[in-house]
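Taking it in order: structure first as structure tokens, then the write-up.
The values are calculated or read from the model by the stated rules, or taken from the named source; none is laboratory data. Because the structure is predicted, anything quoted here is derived from the model rather than measured. Quick reminder, even Gly has a Cβ in these numbers, built from the backbone with ideal geometry, and neighbours come from all protein chains shown. Only protein heavy atoms, including side chains, enter the accessible area calculation; ligands, DNA and RNA are left aside. Shrake-Rupley method; radii C 1.70, N 1.55, O 1.52, S 1.80 Å.
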Amino acid sequence: MLLIHTSSRPPQVQTRQICVSSVLHRKNLAAAGPEKFTTEFIQKQVEEFNIGKRHLANMMGEDPETFTQEDIDRSIAYLFPSGLFQKKARPVMKHPDEIFPKQRAIQWGPDGRPFHFLFYTGKQSYYSLMHDTYDKVLNIEMHQDRLRAKGLFSTDTKNISLGSSRWLIKEELEEILVETISDHDYMRFIKLMERMLSLPYSVIEEEFVLRFRRQLEVQSTKQVVPQLERDERGVAFSTTEGRRKTSNCSVVLRDCGSGHVSINGQDLLLYFPVLQDRQQLMFPLQFVGMLGRFDLECSVSGGGRSSQAGALRLAISRALLGFLSEGEMENMRQAGLLTPDPRVRERKKPGQEGARRKFTWKKR
Amino acid sequence: MRRATSCDAAAAAAFFLITPGGVNFRHNRNRRYANRRRRKKMYLNWVKLWNLKTQVTNVRPLHVNGYQQQQQEALAVELESSHETLPIFRTQESDPARHLEKHIGQYYTLPPEHIRTLFPHGLPRRFQTQVKTFNEGCVMVRQPALEVISSLKKVDYSKPAPRFVLYGVKGSGKTMALCHTAHFCSTQGWLVLHIPDAHKWVKNCKELLQSSYNASRFDQPLQASTWLRNFRTTNEHFLSKIKTSQRYIWTKRESTEEGKPLRELVDQGISRVKSSSDVVGAVMKELRLRSGHPEAGFRLAVVVDGVNALWGRSTIKKEDRSFVNPEELTLVYNLRKMMRNDWCGGAIVTTLAQTGSLYSPKTAYLPQELLGKEGFDNMDPFIPVSVSNYSEKEFESCYLYYQDRHWLQHPQSKTEDGKKELIFLSERNPSILERLCASL
């Protein structure tokens, strides 16, 4: 009998699985949640981005030190020309902070104890924000009491100048807090802020409040007003263009006219026999009340009768801007006269009869 | 017809499920939509007429609120004042011979008996409905009609008949000017030969007979007999005075002797429909011959609407499915002979019409374009009279007339802005304006 020398068995027993079922190996993708990026990973990406930026600048023959994000976008568009319609699908090179979604680092230490005292509420940043806000409210009230004690309390104090700003929307707040909140939570937060604003001495916390407000852009300032030219008689006229579906048109609006309209050299009645189209043309002039004042010379091509009428209407409204004041321009914008209609014919898809219509469903 | 209810929709749906495949029932749906539109139109018209009735005839409504009372009082005041002074857009002159330049833009009333006798078929369809609605036939005095009338007053009737051609864009008032002229002619005691629409003779012919007189030509008995009936209504008093100049043989057994009154000829045509087209030709020939005589005692006015149909194309088909040439139609042939100015003692007043014409482009309105080379050569020389859209004064007059008749119910239409809108949308075209106001 051979003596088998058995050495002391190591503590870890090497077991070999004989048969494996694939079910155990398959990952439960749903339970894993969104992909988690570690801070080291993000840092590495940032370093790579910076190095890559310098390489890119080198390739393009520019100075790596003064290479801005716009230069990067330009260079990428040049090096990787893409014909894709979706701008988001095109190749892009941006700072990792803008690409990778903001994620929270591990909220607990090696011993498993969470760092934040409100961790077990589930929405720690939201509740901590609520606590901070309420802190500020108490601060203001304490300030008021102190002033009252000194006898310097007065109700007519300077209010926080809100101007044309709005509260953060729920999505923006979620972005700041890096966690999802419900509509109810958001409303409570806004109510608390409003309550804070209603206190007389809220001016002391102005900086805190303004962090949660965004400026509203006045839409009408973005409108380009066409230049008013003068012809040799001194009569003002403006030329504009308009588009709707596949129609293109250009309109020359002349002042000191009699309400005469000519389209492609033809009379209005001859070109637009349908009342609806003529009403479309009349709408901008009737809205501002300048019906008999202008002469219109229009030329239009493409599309059908309705889209030609819509294009002409847009062009006439734009041409009128030069003759109007700011307030009237705002009125026109709100009436929808200055908005180009983005609706275009939807393409037909394969497997369907039209853009939306499916083939007749037959049970058998 | 009962209203479409939800059970209809359910029944229709059930029907769809039963029938296999995707059978298209769109025609049912379209018919339902058309019915709904028609009923809505009828209802709206009824509402309008009801409003007119309660206001114009001063019937006391069942319940009067403050606004209605005010309206009625205003109307009463207006009616009183209108008895004393005529509104600016009306004129007292109902005799077209006395219409002058100063009456341009004003409405004159056609006496009801004149409408019945003179215009059994001559007025435009929409004007006839307007006459029925407003209970009066008011025609506006306009420049083109006055031109023709003044020319007719000065014409030397021993010379060949002058030809007038009224032309203009669609809806500018050519037919109305023609009717004004016809009214003038009849009040002056002329014999008016009024062909309401020559286009009706070259299209939609239900019966086409081969002519017995000339084998290469075709007869249209229905159109000819209707026209003869209307002709008889218009010119009752002339028919007994004029005598035939020759013997006409219609069939082996029927004939009209020489020297018989024209009435017999016309009655022959109406009763024996088969020979009515030839009767029309005979009547025209007689009138041509008679009007030339100085002792005839009457003048002949040939008033034709849509004269470009005579030299255009037709949509009537022969048995071998080829199109009939207009000159192969008896009626058209005879009318062409009438258009020749080889007779005297009268005048020819015509209109060009693109609306009913066949195979002519929509933009054509000038005589050259609509008559074509052949028609122009035949009509040459003629006096062209252009009919344009309303001027500012005429538009104002029309607007006031509609206001007076309470035709414009929309509150916005009573304002200045509303008037500007009307001007823009209709470009002062009479027919477009009328259609626009009908829906307000």
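Quick look at the values:
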{"item": "Segment A:83-183: relative contact order in percent, alpha carbon pairs under 8 Å with at least 6 residues between", "result": "28"}
{"item": "Assigned charges on the beta-carbon of Lys, Arg, Asp, Glu; the protein assembly as shown dipole about Cα centre (debye)", "result": "4220"}
{"item": "Cβ-based charge dipole, the protein assembly as shown, positive-most Cα from A:L29, A:G322, B:P384", "result": "A:L29"}
{"item": "3J(HN,Hα) from dihedral phi, segment A:353-364, Karplus parametrisation 6.51/-1.76/1.60, rounded to Hz, x for glycine, proline", "result": "7, x, 6, 10, 5, 8, 5, 4, 7, 10, 5, 8"}
{"item": "Cα gyration tensor, segment B:250-381 - rounded (a/c under 1.5), prolate or oblate", "result": "oblate"}
{"item": "3J(HN,Hα) from dihedral phi, segment B:145-151, Karplus parametrisation 6.51/-1.76/1.60, rounded to Hz, x for glycine, proline", "result": "5, 4, 4, 4, 5, 5, 5"}
{"item": "Chymotrypsin sites (Phe, Trp or Tyr not before Pro) lying in DSSP loop within segment B:340-440, provided at most 11 other Cβ fall within 10 Å", "result": "B:Y359"}
{"item": "Exposed-site-free run, longest, chain A (rule: chymotrypsin sites (Phe, Trp or Tyr not before Pro); DSSP loop; at most 16 other C-beta within 10 Å)", "result": "A:154-358"}
{"item": "In sequence order, calculated HN-Hα J values of segment B:346-356 (Karplus, 6.51, -1.76, 1.60; Hz; x Gly/Pro)", "result": "x, 8, 10, 10, 10, 10, 9, 9, 8, 4, x"}
{"item": "Summed residue charge, Cβ within 14 Å of A:G336's Cβ, Lys/Arg positive, Asp/Glu negative", "result": "+3"}
{"item": "Restraint check, A:K44/A:K170; A:K87/A:K245; B:K132/B:K154; B:K40/B:K419; B:K203/B:K393; A:K27/A:K358, Cα-Cα greater than 29 Å", "result": "A:K44/A:K170; B:K132/B:K154; B:K203/B:K393; A:K27/A:K358"}
{"item": "Nearest-10 value in Å² for the accessible area of A:M290, using the 1.4 Å probe", "result": "30"}
{"item": "Antiparallel DSSP beta bridges within chain B, percent to nearest 5", "result": "35"}
{"item": "Dipole-positive endmost among A:F153, A:S164, A:M193 within segment A:71-216 (Cβ charges, Cα centre)", "result": "A:S164"}
{"item": "Distance between modelled label sites at A:I190 and A:L162, nm, 7 Å Cα→Cβ extension", "result": "1.1"}
{"item": "Distance in nm between pseudo-label sites at A:S198 and B:N45 (7 Å out along the Cβ direction from Cα)", "result": "6.3"}
{"item": "Fraction of antiparallel bridges per DSSP, segment A:209-342 only, in percent to nearest 5", "result": "85"}
{"item": "Mean Cα-pair separation over length for chain A, i.e. relative contact order, pairs under 8 Å, 6 or more apart, %", "result": "11"}
{"item": "Helical contribution to [θ] at 222 nm, DSSP H n ≥ 4, -39,500 (n - 2.57), averaged over chain A, rounded to 500", "result": "-12000 deg cm²/dmol"}
{"item": "Helical contribution to [θ] at 222 nm, DSSP H n ≥ 4, -39,500 (n - 2.57), averaged over chain B, rounded to 500", "result": "-15000 deg cm²/dmol"}
{"item": "Gyration tensor over alpha-carbon atoms, segment A:223-271, equivalent ellipsoid semi-axes in Å", "result": "21, 18, 8"}
{"item": "Principal semi-axes in Å for the protein assembly as shown [√(5λ), Cα gyration tensor, largest first]", "result": "84, 38, 29"}
{"item": "Length-normalised contact order of segment B:135-198 in % [C-alpha pairs under 8 Å, at least 6 apart]", "result": "35"}
{"item": "Antiparallel %, DSSP beta bridges [both residues in chain A], to 5", "result": "90"}
{"item": "Cα→Cβ-extended label distance, 7 Å offset, between A:E70 and B:E254, nm", "result": "9.6"}
{"item": "Low-density loop cleavage sites - trypsin sites (Lys or Arg not before Pro) in segment B:174-267, where at most 10 other Cβ are within 10 Å (DSSP)", "result": "B:K206, B:K252, B:R253"}
{"item": "Listed residues A:I263, A:S247, A:V235: farthest to the positive end of the dipole of segment A:224-270 (Cβ charges)", "result": "A:S247"}
{"item": "Simple Cβ-charge dipole of segment A:257-358, Lys/Arg +1 and Asp/Glu -1, about Cα centre, in debye nearest 20", "result": "860"}
{"item": "Total charge dipole magnitude, chain A, about the Cα centre, Cβ charges on Lys, Arg, Asp, Glu only, Debye to nearest 20", "result": "2360"}
{"item": "Shielding score for A:279-287, defined as the mean number of other chain Cβ atoms within 10 Å", "result": "2"}
{"item": "Alpha carbon convex hull of segment B:324-440, projected area averaged over orientations, nm²", "result": "10.5"}
{"item": "Protein-protein interface of segment B:340-377, residues with accessible area decrease of at least 20 Å², isolated chain reference, 1.4 Å probe", "result": "B:K362, B:T363"}
